[in-house]
1. I want the local charge near P104. Using Cβ-Cβ distances under 12 Å, sum +1 for each Lys or Arg and -1 for each Asp or Glu among the other residues.
2. Give me the distance in nm between label points sitting 7 Å out from Cα along the Cα-to-Cβ direction at L98 and D63, one decimal.
3. Could you put E15, E110, E32 in order, starting from the residue whose Cβ has the fewest other Cβ atoms within 10 Å?
4. Can you put D100, D63 in order of Cβ neighbours within 10 angstrom, beginning with the fewest?
5. Based only on other Cβ atoms within 10 Å, what is the fewest-to-most ordering of H114, H49?
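Laboratory data are not the source of any read-out in this text; all were calculated from the coordinates shown. These numbers come from a predicted model, not from an experiment. Cβ: placed from backbone, ideal geometry, glycine included. Neighbour counts: every protein chain shown.
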Amino acid sequence: MNGITLTLRVLHRGERHLAQELVTVAERHRVEHEVHHVATDLAVWSRAHVRRLAETAAGRGLDLSAAPDHDADGVFATLRKKASEAMGRRPATGLLLLRDLREPHVAATENSLHREMLARSPRHRGTANCWSWPPPATRRHCARCAGPTP
């Protein structure tokens, strides 16, 4: 296994973890509507990254199973939802929110680092495009290959 396939595996696992953490935050802070909706949207985006990574890895002969379309974990999801509704909007929920956002932030930072490692890999030089994500609206231009990069 070379460095690119190892990094693809780590990034795939990291995106799955990030999606799960975002769903947990969305469920736990359901009464904070903006937090709930943004975390849910970001989880969908992270799942799309998981699928794209699996497709990219398949092109390299690496089998990465895509994440399930819905990662809610049944009983625990229901408990988080009910606890969120019971707590409502108390001052203590702000501190809980800060604590809960720490893990997704760290996970997103790690994933960003791994995407950067893939974009700068030696096999990257001379290719037409760096990666198929993020969506075109958020891509930067890569000076080395004249293609878009994350």
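1. Working: positive: R28, R99, R102; negative: E15, E21, D100, E103, E110.
Once all neighbours under 12 Å are counted, the net charge is -2.
2. Modelled inter-label distance: 4.7 nm.
3. Numbers: E15 26, E110 15, E32 19.
The order, fewest Cβ neighbours first, is E110, E32, E15.
4. Values: D100 19, D63 7.
If I rank by nearby Cβ atoms, fewest first, I get D63, D100.
5. Numbers: H114 20, H49 23.
In increasing order of surrounding Cβ atoms, one gets H114, H49.
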